[in-house]
Amino acid sequence: MTTHNFDLVVLGGGSGGYAAALRASELGKSVALIEKDKVGGTCLHRGCIPTKALLHAAEVAEHVRDAAHVGIRATLDGIDPAGVRAYRESIVAKKFKGLEGLVKARGITTVAGFGRLQADRSVAVGDDIYVGADVVLATGSYSRTLPGLEIGGRILTSEQALALDEIPDRVLILGGGVIGVEFASVWRSFGAEVTIVEALPHLVPNEDIAMSKGLERAFRRRGIQYSLGVRFQSVAQDDSSVTITLEDGKEFSADYLLVAVGRGPLTADLGFEEAGVVLDRGFVTVDQELRTGVPGVWAVGDIVPGLQLAHRGFQQGIAVAERIAGLSPAVIPDSQIPKVTYSSPEVASVGVTEEAAVTAHGTDAISSYEYNLAGNGKSEIIGTGGLVKVVRLKDGPVIGVHLLGDRVGELITEGQLAVAWEAHPEDIAPLIHAHPTQSEALGEAFLALAGKPLHAL
């Protein structure tokens with residue numbers, strides 16, 4: 001048994017873990033980064049990056065189908081699953097190589113193997129022990145399922161869906177959140193018949209109701225079917241199909257079932273509780289600065305309650321590294337972290353929904369404005385509908401920005417700045433947005449809430 005000493009030991013090399021390692025190294029700390037698979041974690045290898053590559057391929061397919069609309073003669077002969085997979089894997093491989101090079105250049109010691117937290121706060125990897133003055137837990141998440149719903153055969157999680165070497169003719173998706181609607185968007189663009197089953201009353205149920213309803217309308221136009229408001233009851237499969245039954249007795253059948261009911265914290269059997277780390281429903285309990293109850297042990301990313309987003313993991317990893325180094329980075333609440341669903345159309349948001357704002361402040365204290373992308377020149381050019389919705393406190397700051405439309409995810413950073421800096425629409429209205437851009441739609445909403453609409457009544 002060999003003991004290795006570092007200033008910081010990071011258990012988990014995903015978004016939160018490698019961000020903590022990189023920032024700590026910048027700040028002069030010696031760092032060991034322990035990862036049982038590949039540095040980059042779920043986001044790089046099985047989540048954010050490969051799914052967005054799929055979505056881009058789907059967008060290209062739609063552009064070819066619609067090429068005649070803009071005067072271009074083109075024919076879509078079909079989808080080549082092997083070619084799409086090669087494209088996707090090439091993107092992942094290039095990003096992985098770049099990340100490996102960056103970690104190496106920063107002098108971080110990467111340890112390949114399964115790490116387990118010990119009672120004395122060290123981390124065991126096989127016969128080796130890694131001891132840090134501080135330890136960051138960043139072990140990530142796994143795809144959840146439901147009681148009575150066993151993954152296997154024609155029942156897939158997102159990881160198995162990515163590995164499919166065929167385009168299904170018919171597919172069912174259990175769960176209408178981010179993962180579910182993104183895969184629905186891809187498969188429909190590739191020619192599949194898609195049905196989403198969501199137990200809650202709307203798709204993307206955590207978004208503002210105007211965005212959910214707008215996405216539902218857009219999906220109907222695209223031919224994506226969905227069942228809302230009825231819970232899953234049972235499933236059966238054979239060699240050629242899978243059938244689910246809902247609590248109201250309705251049945252749906254398809255070639256495959258994608259289970260997209262969220263992700264759970266990957267904390268079991270890692271020694272956390274034995275070391276004194278408190279878990280709540282599997283999530284690590286931390287204070288607002290991401291300290292666990294064990295001195296010198298921190299937690300970041302998907303194992304911490306709240307939004308399970310790669311960029312939240314980046315932010316938390318950076319913040320913890322800076323706190324360990326004696327700095328005092330700001331605490332960023334989840335309400336100031338942007339969210340994007342990369343379907344077609346996209347949904348993007350930051351801050352609170354109008355419903356949440358009314359609950360917190362009362363109807364009379366809230367003002368909101370919706371600007372339809374039909375009035376936006378660039379949106380008309382690229383062929384997307386949608387809307388921009390801004391929520392403010394009356395005579396006060398912007399507290400929510402919500403967007404629906406192709407490519408609107410690129411606009412949400414402006415919304416984040418408005419919300420995080422507590423800007424009033426009157427502060428933003430004089431600032432000019434380049435024409436023609438989709439960002440003008442946000443500018444129109446700010447102008448309207450400031451009492452001086454331009455391209456709207």
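The values are calculated or read from the model by the stated rules, or taken from the named source; none is laboratory data. Every value quoted in this text rests on a predicted model; they were computed, and no experiment measured them. Here Cβ is always computed from backbone atoms with ideal geometry, including for glycine, and neighbour counts include all displayed protein chains. In case anyone asks, the SASA skips ligands and DNA or RNA and just uses the protein heavy atoms, side chains included. Shrake-Rupley method; radii C 1.70, N 1.55, O 1.52, S 1.80 Å.
Annotation: amide H of residue 30 within the under-5 Å range of 7, 8, sequence separation 5 or more or interchain, hydrogens built in the peptide plane.
Taken as Cα centroids, the stretch 1-64 and the stretch 151-224 sit 26 Å apart, rounded to the nearest whole angstrom.
Counting only lysines at least 8 places from residue 36 when in the same chain, those with an alpha carbon closer than 27 Å to its own are 52, 94, 95, 97, 104. Couplings for the stretch 69-86, taken from phi via the Karplus curve 6.51 cos²θ - 1.76 cosθ + 1.60 with θ = phi - 60°, read 4, 10, x, 9, 8, 8, 10, 8, 7, x, 9, 9, x, 5, x, 4, 4, 4 Hz in order; Gly and Pro are left as x. Per residue of the chain, the DSSP helices (runs of n ≥ 4 H) give a summed -39500 (n - 2.57) that works out to -9500 deg cm²/dmol at 222 nm. The calculated FRET efficiency for residue 287 paired with residue 95, based on their beta-carbon distance and R0 = 45 Å, is about 0.85. Residues 402, 433, 455, sorted by accessible area with the largest first, give 455, 433, 402 [1.4 Å probe; ligands and nucleic acids excluded].
Between the amide H of residue 258 and those of 156, 172, 173, 174, distances stay under 5 Å, these residues lying 5 or more places away or on another chain, with hydrogens modeled in the peptide plane.
Here, the stretch 140-227 yields an orientationally averaged convex hull projection of 6.4 nm² when only Cα atoms define the hull. The per residue volume of the convex hull around the alpha-carbon atoms of the stretch 363-425 is 79 Å³.
Counting only GluC sites (Glu not before Pro) that DSSP places in a loop and that have at most 14 other Cβ atoms within 10 Å, the longest clean stretch of the chain runs over 1-149.
Listed values for the stretch 111-118 are Karplus-derived 3J(HN,Hα) couplings in whole Hz (6.51 cos²θ - 1.76 cosθ + 1.60, θ = phi - 60°), namely 10, 8, x, 7, x, 9, 5, 9, and x replaces Gly and Pro. In order along the stretch 29-37, the Karplus-derived 3J(HN,Hα) couplings, from 6.51 cos²θ - 1.76 cosθ + 1.60 at θ = phi - 60°, round to 8, 7, 9, 10, 10, 9, 9, 7, 10 Hz, and Gly and Pro are given as x.
Ligands, DNA and RNA left out, the 1.4 Å accessible surface of the stretch 214-277 is 40% carbon and sulfur atoms. Sorted largest first by accessible area at a 1.4 angstrom probe radius, with every protein chain in place, the residues 452, 29 fall in the order 452, 29. Every Cα-Cα pair in the stretch 62-146 was counted, and those over 17 Å apart are 73% of them. The share of accessible area on the stretch 327-457 that comes from carbon and sulfur is 54 percent, using a 1.4 angstrom probe. For the chain, the solvent-accessible area of protein heavy atoms averages 46 Å² per residue (probe radius 1.4 Å; ligands and nucleic acids excluded). When only DSSP loop residues count, what trypsin sites (Lys or Arg not before Pro) in the stretch 191-293 have their Cβ near at most 11 other Cβ atoms within 10 Å? Listed in order of number, the matching sites are 281. Both radii are taken from the alpha-carbon atoms of the stretch 82-230; with Rh as the Kirkwood radius, Rg/Rh is 1.09.
Taking amide H positions as modeled 1.01 Å from N, with prolines and chain starts lacking one, the residues under 5 Å from residue 136 and 5 or more places away or on another chain are 9, 10, 11, 298. With one equal scatterer per alpha carbon and no solvent term, the Debye-computed log10 I(q)/I(0) for the stretch 239-326 at 0.18, 0.20, 0.25 1/Å reads -0.80, -0.92, -1.27. Here, the stretch 1-119 yields an orientationally averaged convex hull projection of 10.4 nm² when only Cα atoms define the hull.
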